[in-house]
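Values quoted throughout were computed directly from the atomic coordinates according to the rules given, and no laboratory measurement underlies them. Keep in mind that what you see is a predicted model, and the values were worked out from it rather than measured. Here the Cβ is made from the backbone with ideal geometry for all residues, glycine too, and neighbour counts use every protein chain on show.
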Amino acid sequence: MLSARDQVASLLHLDSSHSGDSVTRELSARFADVWKGRHGTSEYRYRDLFAEPVPPISPAYCALGRRVERNGYVPPAKVDALIENGAEEREWALTLPLIEQFTDAGTVLIGAPMYNFSVPASLKAWIDRVTFPGAYTDPDTGGSLLRGKRIIVVTARGGAYGPGAPREGSISRSRIYVPTSPISASSTTTCSS
Ligand SMILES: Cc1cc2nc3c(=O)[nH]c(=O)nc-3n(C[C@H](O)[C@H](O)[C@H](O)COP(=O)(O)O)c2cc1C
């Protein structure tokens, strides 16, 4: 894992739009370009979750997650010891690199269009994997290992929800969740297309 100093200047950039003419891709790319101009490209990581999908979680993932939860705070490095079969091993091999990449990034930039009042399936698959039980909890203190991480969500929606619109207020409670905290965080940009 990266040191705290390196984390400051590392960016994990995720896009999840399924559209060929995407607003969120354009906006997240603008952010990334500015970031790369300031910090260079050596600590820049990009994943297009539509083009390079994260496989949906399976029964083996759920079984392993439940077993880990029953054992209290198990850090990712010790999950191997709780794996009981090949299916769980495969699930963990798909999951651990995502957890490490998320943990290592000082800033996480997520392009997250609104699809049916939620996020695209491509992004949901990533969220389901990185939220593996206990992965971001310090086993010694119970505190969050994500403290200090910046998460920026660039979102776009097609509908109107402002004052006077038929669906006024219907998304006021909508939130996207990532491990331990909502990502409707600091620099969220909303753009109605
Ligand atoms: C499958 C699908 C579901 C959508 N659901 C909603 C919705 O619930 N509310 C909304 O305001 N817009 C909805 N939209 C419109 C998108 O949010 C809008 O086109 C936005 O620009 C998508 O971001 P993108 O251009 O980065 O793909 C939906 C679009 C698609 C393709």
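Peptides 39-51, 120-132, 96-108 ranked from most to least packed give 120-132, 96-108, 39-51, packing being the mean of other C-beta atoms within 10 angstrom over each peptide's residues.
Model label points for C62 and A81, set 7 angstrom from Cα along the Cα-to-Cβ axis, are 2.8 nm apart.
For R30 and S118, a Förster radius of 22 Å and the Cβ-Cβ distance give a FRET efficiency of 0.35, rounded to the nearest 0.05. Evaluated over the Cα positions of the stretch 13-157, the convex hull gives a direction-averaged projected area, one quarter of its surface, of 9.7 nm².
Placing a label point 7 Å from the Cα of N71 along the Cα-to-Cβ direction, the residues of the stretch 90-106 whose backbone N falls under 17 Å from that point are 90-97.
Find out how many positive minus negative residues lie around A156, taking Lys and Arg as positive, Asp and Glu as negative, among other residues whose Cβ is under 11 Å from that of A156.
Value of the local net charge: +1.
Each of A165 and E52 was given a label point 7 Å from its Cα along the Cα-to-Cβ line. The distance between the two points is 3.4 nm.
Which one of V54, G148, A77 is farthest out on the positive end of the charge dipole of the stretch 52-159, using unit charges on Cβ (Lys, Arg +1; Asp, Glu -1) and the Cα centre as origin? Of the options given, the answer is G148.
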